[in-house]
Amino acid sequence: MKTTNTSRQMRKGILEFCTLHIISRGEVFASDMSKELMEANLISVEGILYPLLNKLCFASLISYKWADSASGPPKKYYSLTKSGRNLLYQLETTWKELVTSTNKITSKS
């Protein structure tokens, strides 16, 4: 197995977790999510986010609504569904367990 494939799979799961976390803060526009994810070096281009948002919508983990924009056409704002909040809670628990476990292993010389 190549390192790049392993890294890609790790980043994919973390990207989903972080995207749900961003949306959990309140209704958010996709370009704002992209900006935050790019600043954190989780994505390199905005287009990576849209397939994930579609997947999360299809799984009923997030929903969206259209709202008028003062600077152009209406914008799509995303929010978490009840199922999305439940999944995020489970992922946060898993994340904390993984960080603890990984630190136990990687801190040994």
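Within segment 52-70, which residues are within 14 Å of the chain's Cα centre (by Cα) and either at pLDDT below 95 or closer than 13 Å to CYS18 by Cα (or both)?
Hits for segment 52-70 are LEU52, LEU53, LEU56.
Sort out which residues of segment 23-45 are outside any loop (DSSP other than H, G, I, E, B) and within 15 Å of LYS76 (Cα to Cα), and write them in order of number.
ILE23, VAL28, PHE29, ALA30, SER31, ASP32, MET33, SER34
Would you point out which residue out of GLU39, GLU27 is more than 12 Å from the chain's Cα centre (by Cα), farther than 20 Å from TYR89 by Cβ and of a type outside the set (Phe, Trp, Tyr)?
GLU39
Out of segment 63-88, which residues are assigned to a helix (DSSP H, G or I) and surrounded by fewer than 11 Cβ atoms within 10 Å (Cβ to Cβ)?
Result: LYS82, single match.
Of the residues that sit in segment 1-33 and are hydrophobic (A, V, I, L, M, F, W, C) and touching a Lys or Arg at 6+ places or on another chain (Cβ under 8 Å), which one is surrounded by the most Cβ atoms within 10 Å (Cβ to Cβ)?
ALA30
The values are calculated or read from the model by the stated rules, or taken from the named source; none is laboratory data. Please read these numbers as outputs of a predicted model, since none were measured by experiment. With ideal geometry, Cβ positions are generated from the backbone for all residues, glycine too; neighbour counts draw on all protein chains shown.
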